[in-house]
Amino acid sequence: MSTLIRHGKVVDEHWAWITADLPEQPAGREAPARVLLPLAVWLARRDDLDPQHAGVWLGPDDEPGALLPWLADVPLVAIHFPLFTDGRGYSLAHLLRRRHGYTGELRALGDVLVDQLALMAQCGFDSFSLRADQPPAAALAALAGGLRSPWPGPAMP
Amino acid sequence: MYRYKQADQRLVEDRVAQFRDQMTRFLDGRLGEDEFRPLRLQNGLYVQRHAPMLRVAIPYGTLAAYQLRKMADIARRFDRGYGHFTTRCNIQFNWVRLEEAPDILAELATVQMHAIQTSGNCIRNITTDPFAGVAADELFDPRPYCEIVRQWSTLAPEFLFLPRKFKIAFAGGAEDRAAVRFHDIGAIARVADDGRIGFEIFVGGGLGRTPMVGRPIRDFLPREELLNYFEAILRVYNRHGRRDNKYKARIKILVKDLTLEGFIREVEDEWAWTRGGPGCISEATFREMEAFFAPPAPGPAAADDPDYLAALAGNRAFARWVERNVSAHRLPGHAIVTLSLKKTGVPPGDATAEQMDGVADLAERFSAGEIRVSHEQNLVLPHVPRGQLPALWEGLRALGLASPNIGLLSDLVCCPGGDFCSLANARSIPVAAAIQQRFDDLDYLFDLGPLELNMSGCVNACGHHHIGHIGILGVDKNNEEWYQVTLGGREGSRAALGRVIGPSFAAGQIPDVIADLLEVYVGIRHEGEIFIDALERVGLDAFKARVYGTERAEGGEA
């Protein structure tokens, strides 16, 4: 079970991460209250979904600009890191925050490790679904004490 | 020289603590090998053939005397009494202990140095002309821009996990002494007709497995847009560069796949979002950076110093050293002096702790306490009054650093090779030594004139063999060391990649092969024509015919 950190605190997970199309619900079981859908599925099914209960996640290849018309309303955007050494997600986060002005929750998902959390936060992530083996206390400490580039870049909006 | 601000100093100190914690977690098993690898690489720590190697950053090749003394101190306390200056102007310690690496980083932090991003898939140490700020042919000093890019790229959070390593070089002079066309981004100083300062930008150059000359992507980039534009290039690369095959992951492959026009379009589209925005560098920042690099107070300078002129006229060895190792300075009565780390029998680029201390002393006496490192693996004293050249020369002779061979055949560039590096296919140092021993006659070397010979122990090309007029590449054939020879490589504005002349040779054959090539050159050259120009004029055939027209090639393999 992976830990979720949001705004510097360990919190409960309320979202079901759907990695393919929405599954058929087996009879007798309740559908998850909130689902986190792949971008393509979210775009295709958007009209059928309860907007407050359908978040969207991007793979490293996805184009964040595709979300532009709905960014003000989408309750959660997540970016998947298939491997922690795959740095594309940092650029996607930068684009969503800086270029497209997304102000909602931005979550890192997948191979999310303690030693990269501060970098992710600097690119605009504010929630982190840690890889299952990552110690939550160390993660909180890493987020509180990250190193920063000496270059005073433009402030994060 | 740049002096750390509080933010820089805090960063290097915090970085030591961070890496010490990561090392502790690795050693006690809490951090796995795969998770630790990129962390240690981004702190300069490689696992090598005999011992870990620590690569220390020398930003744009500039060192203060007290920093060089610290290198000597580290060499004595943590290594075997010497260090190796690299073709990227860094210094490597080849015999460190893994668990002592955080202690070495702590020592570096005391002299405003570090090993951050000297390896790994990130933006590496920024390099420039070793004569920056003092060259007579300079348009403007590139170091303030190097420092801006150094700060910006250090821990730039978006760009620490790129598809592959990323190298940036600046040149400020009419002549490119930084091989900028062989970098992922190369920037050459330009002044527009209306007086605006900026850079011509090249992208996708590099050596290694797939050598390419950088392509021009922008004739003139105004200096205030430097970071906006670099960020656009990096973002396009980070998002779209290949990650499925590390041999196709450099930006040069992306440029090829998108075509130059397609790549330029992507970068311009990306740049359009930030152009003129808050990421522009302010005039105040430029002024602040330029102040750090203001020239030192000139020394006691007289162009016709009588002692200097007497030594020049009466001492042939001194005159030869001046001819080869002393370059024109921006200020009259001053000189730029190159210290040869290419003494016969010493691995190219190596310096002992005693030599480093000695150079630090000489830099304080004769060069305003400043030293530069060149990508040809030599050291440079940039601010020497001409009248003090005889005294400096005596001091350098005592240290074994006065070989008058800069730019000549024996000033060869060479990676550590199979003696140290676990990537190498073949040794390079013994072959370099054999060449230096065979061609040790100064009269002959002076007669041959400028000639660049570069050698690498494997296709990763740390010895930059593709840009040597003569290049030698170590290859592995059935577990035997063989050496492939290329001709016609060149850096500077007429940059070109060397071409392979034919089947490779055994190590013992290499000095004879070089001798043949040199004899062909001596036979065809016009008055005053240097090796590479003669070669470009007549082509490779005459050289090939001579080398392969003998029995020798039979043992070789393609």
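Figures for the structure shown
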read-out	value
Any chance B:Leu221 is modelled with pLDDT under 95 and under 27 Å from B:Ala496 (Cβ atoms)	no
Tally, over the stretch B:151-210, of residues that are modelled with pLDDT under 95 and part of a strand (DSSP E or B)	2
Residues within the stretch B:371-399 that are touching a strand residue (DSSP E or B) at 6+ places or on another chain (Cβ under 7 Å) and under 19 Å from B:Ala64 (Cα atoms), tallied	16
Residue match in the stretch B:219-228 (condition: out of contact with any Pro (no Cβ under 6 Å at 6 or more places or on another chain), within 11 Å of chain A (Cβ to nearest Cβ) and within 27 Å of A:Phe125 (Cα to Cα))	yes
Matching entry among B:Ile435, B:Ile429 (being touching a Pro at 6+ places or on another chain (Cβ under 7 Å), closer than 20 Å to B:Glu519 by Cα and not small (Gly, Ala, Ser))	B:Ile435
Complete set of residues in the stretch B:273-285 that are open to solvent by less than 90 Å² (accessible area, probe 1.4 Å) and either touching an Asp or Glu at 6+ places or on another chain (Cβ under 8 Å) or without any contact (Cβ under 8 Å) to a residue 60 or more places away in the chain (or both)	B:Thr274, B:Gly276, B:Gly277, B:Gly279, B:Cys280, B:Ile281, B:Ser282, B:Ala284
The one condition in (1) part of a loop (DSSP other than H, G, I, E, B); (2) more than 24 Å from the chain's Cα centre (by Cα); (3) modelled with pLDDT of 95 or more; (4) not hydrophobic (A, V, I, L, M, F, W, C) that B:Pro450 fails to fulfil	(2)
Pairs with Cβ under 7 Å, 6+ apart, first in the stretch B:259-272 and open to solvent by less than 70 Å² (accessible area, probe 1.4 Å), second among the polar types (S, T, N, Q) and not in a helix (DSSP H, G or I)	none
Residue in the stretch B:121-136 that is nearest to the other protein chains (Cβ to nearest Cβ), counting only those that are open to solvent by 10 Å² or more (accessible area, probe 1.4 Å) and closer than 11 Å to B:Arg164 by Cα	B:Asn121
Qualifying positions in the stretch B:248-305 - acidic (Asp, Glu) and under 26 Å from the mean Cα position of the chain (by Cα)	B:Glu290
Residues satisfying the stated conditions in the stretch A:107-130, i.e. at the interface with another protein chain (Cβ under 10 Å from one of its Cβ atoms) and either over 30 Å from B:Gly277 (Cβ atoms) or in a strand (DSSP E or B) (or both)	A:Asp111, A:Leu113, A:Val114, A:Asp115
Check on B:Glu481, outside any strand (DSSP E or B) and more than 25 Å from B:Asp441 (Cα to Cα)	no
Single residue of the stretch B:356-378 satisfying the filter (closer than 18 Å to B:Asp79 by Cβ and touching a residue at least 60 places away in the same chain (Cβ under 8 Å)) that is surrounded by the fewest Cβ atoms within 10 Å (Cβ to Cβ)	B:Asp357
Candidate set from the stretch A:86-106 (those that are among the hydroxyl-bearing types (Ser, Thr, Tyr) and within 8 Å of chain B (Cβ to nearest Cβ)); member that is nearest to the chain's Cα centre (by Cα)	A:Tyr90
Odd one out for B:Ser504, checked against (1) at pLDDT 95 or above; (2) buried (at least 16 other Cβ atoms within 10 Å of the Cβ); (3) closer than 22 Å to B:Asp440 by Cα	(3)
Residues that are buried (at least 24 other Cβ atoms within 10 Å of the Cβ) and under 17 Å from A:Tyr90 (Cβ atoms), drawn from the stretch B:137-153	B:Ser153
Residue ID - farthest from B:Glu138 (Cα to Cα), chosen from residues in the stretch B:297-328 that are touching a strand residue (DSSP E or B) at 6+ places or on another chain (Cβ under 6 Å) and not in a helix (DSSP H, G or I)	B:Pro300
Out of B:Ala72, B:Ala64, B:Ala106, B:Ala115, sole residue that is under 24 Å from B:Pro348 (Cα atoms) and surrounded by fewer than 22 Cβ atoms within 10 Å (Cβ to Cβ)	B:Ala64
Boolean, B:Ile514 is within 24 Å of B:Asp440 (Cβ to Cβ), buried (at least 20 other Cβ atoms within 10 Å of the Cβ) and modelled with pLDDT of 95 or more	yes
Checklist (1) surrounded by fewer than 23 Cβ atoms within 10 Å (Cβ to Cβ); (2) under 21 Å from B:Leu68 (Cα atoms) applied to B:Asp440, failing item	(2)
Qualifying residue in the stretch B:205-213 (condition: farther than 17 Å from B:Lys256 by Cα and among the hydroxyl-bearing types (Ser, Thr, Tyr))	no
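For (1) within 24 Å of B:Ser456 (Cβ to Cβ); (2) at pLDDT 95 or above, each residue gets a yes or a no:
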site: B:Tyr4; (1), (2): no, yes
site: B:Asp14; (1), (2): no, yes
site: B:Arg20; (1), (2): no, yes
site: B:Leu39; (1), (2): no, yes
site: B:Arg49; (1), (2): yes, no
site: B:Phe78; (1), (2): no, yes
site: B:Ile91; (1), (2): yes, yes
site: B:Glu107; (1), (2): no, yes
site: B:Met113; (1), (2): no, yes
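The values are calculated or read from the model by the stated rules, or taken from the named source; none is laboratory data. Computed from a prediction, not measured in an experiment: that's the story for all the values here. Every residue, glycine as well, gets a Cβ built from its backbone with ideal geometry; the counts of neighbours run over all protein chains shown. All accessible areas refer to the heavy atoms of the entire protein, side chains included, with ligands and DNA or RNA removed. Shrake-Rupley method; radii C 1.70, N 1.55, O 1.52, S 1.80 Å.
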